[in-house]
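The values are calculated or read from the model by the stated rules, or taken from the named source; none is laboratory data. These numbers were taken from a predicted model, which means no experiment stands behind them. FYI the Cβ positions are ideal-geometry reconstructions off the backbone, even for glycines, and counts take in every protein chain you see.
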Amino acid sequence: MPPARTKSVARLLLFAVVSALGLSRAARAHEGVTAKLTRADARIAATPADARLRFERAELHRIDRNWRAALADLACAERLDPALTRIDLARARVLCEAGDAPRAVAVAKRYVERETRDVDGGEWLARAFDAAGDAEAAAGAWGRAVALTPENPDLHFARAQQFFAMGGAGRRFAIAAADEGVARTGALQLEELALRYETELGEWDAALARTERLGRVAPRPAVWRERATELLERAGRRVQTLAACEALAQDLARLPAGVRALATTKDLMQRVDGRRARVARSSRG
């Protein structure tokens, strides 16, 4: 068989195996929900007036993407026990995931107005606003959720992403929101998000200052120094790129032999050498 045909067949076989594994996992997950639904049906048949059982089955229907059944169970739970406070929250999530954003917004608003200290309510109001195409309102809702739980980095992350998706001035608000999250939580993922946004906006000095700071405080400083060489190259600063690559290469060469032998260190050294050679060629050209 020709080499090209062999590679093509190998790729098809690999795709088939990966697809089969994915379908197998999905099938097992569905079987698990189906079994739980069967048990929930039996419990509800035994005690049909138990509102919490209806509420719990609604969540299983949501996971199973059976929106109509989920909403029906929530409505029934509400009739059986109007004091169940999180029914509207669950309803808003079902409506949002079902693609009915306007109704999801209305229900989430109602829930948040009643449960003013519930962070989950703020999160799903933000998601509903976003699904409805109201990015500004979504950013505001994320802000309220952040104010309730400022130590949660995921909320800061979502808020920054929402601002950046707005475009225009929202992109700089996104960096400020990520930096606020860093100040509140110290999360490295928020530093990386802010760095990504600065890079996309071409704010090279700010991005380089951030990599320098991360090189001092974050694990594996050489990785951040290598990131700085990438930023310098992208900014078109050839002389600075070559100097930074040379300094980093010398420091890597002074590492203990055992560390230099690590695959991660070798890859890093190859990237630095490759960037140094590429920039040197472009400078001569």
Exercise for review: Would you be able to say whether some residue in region 236-252 is farther than 21 Å from T211 by Cα and either surrounded by fewer than 15 Cβ atoms within 10 Å (Cβ to Cβ) or modelled with pLDDT of 95 or more (or both)?
Suggested key: no
Check your understanding: How about region 168-285: which helices (runs of 4 or more DSSP H) wholly inside it have at least 1 residues that are in contact with a His (Cβ under 8 Å, 6 or more places away or on another chain)?
Key -> 170-185, 188-200
Study note, to complete from the structure: Residue hits (region 242-259; touching a residue at least 12 places away in the same chain (Cβ under 8 Å) and either among the charged types (D, E, K, R) or in contact with a Gly (Cβ under 7 Å, 6 or more places away or on another chain) (or both)) are E246, D251
Revision key, fill the gap. Of the candidates E198, E233, the one satisfying the condition of being out of contact with any Ser or Thr (no Cβ under 9 Å at 6 or more places or on another chain), modelled with pLDDT of 95 or more and surrounded by 14 or more Cβ atoms within 10 Å (Cβ to Cβ) is E198
Practice item. Tell me which residues, restricted to region 171-223, are touching a Phe, Trp or Tyr at 6+ places or on another chain (Cβ under 7 Å) and of a type outside the set (G, A, S). Key: R171, F173, I175, Q189, L190, L193, Y197, T211, L214
Check your understanding: Would you say Q161 is in contact with a helix residue (DSSP H, G or I) (Cβ under 8 Å, 6 or more places away or on another chain), closer than 24 Å to A207 by Cα, of a type in the set (S, T, N, Q) and buried (at least 17 other Cβ atoms within 10 Å of the Cβ)?
Key -> yes
Study note, to complete from the structure: Checked A77, A45, A106, A72 against criteria (closer than 30 Å to A139 by Cα and assigned to a helix (DSSP H, G or I)); the one match is A106
Study note, to complete from the structure: Filter region 119-158 for residues that are in a helix (DSSP H, G or I) and among the β-branched types (V, I, T); the one that is surrounded by the most Cβ atoms within 10 Å (Cβ to Cβ) is V146
Exercise for review: Could you check D179 against (1) within 19 Å of the chain's Cα centre (by Cα); (2) buried (at least 18 other Cβ atoms within 10 Å of the Cβ) and say which number it fails?
Suggested key: (2)
Review point. Within region 82-101, is even one residue modelled with pLDDT of 95 or more, touching a helix residue (DSSP H, G or I) at 6+ places or on another chain (Cβ under 9 Å), more than 30 Å from D134 (Cβ to Cβ) and part of a helix (DSSP H, G or I)?
Key: no
Review point. What residue, among those in region 207-225 that are in contact (Cβ under 8 Å) with a residue 12 or more places away in the chain and more than 14 Å from E192 (Cβ to Cβ), is surrounded by the fewest Cβ atoms within 10 Å (Cβ to Cβ)?
Key: E212
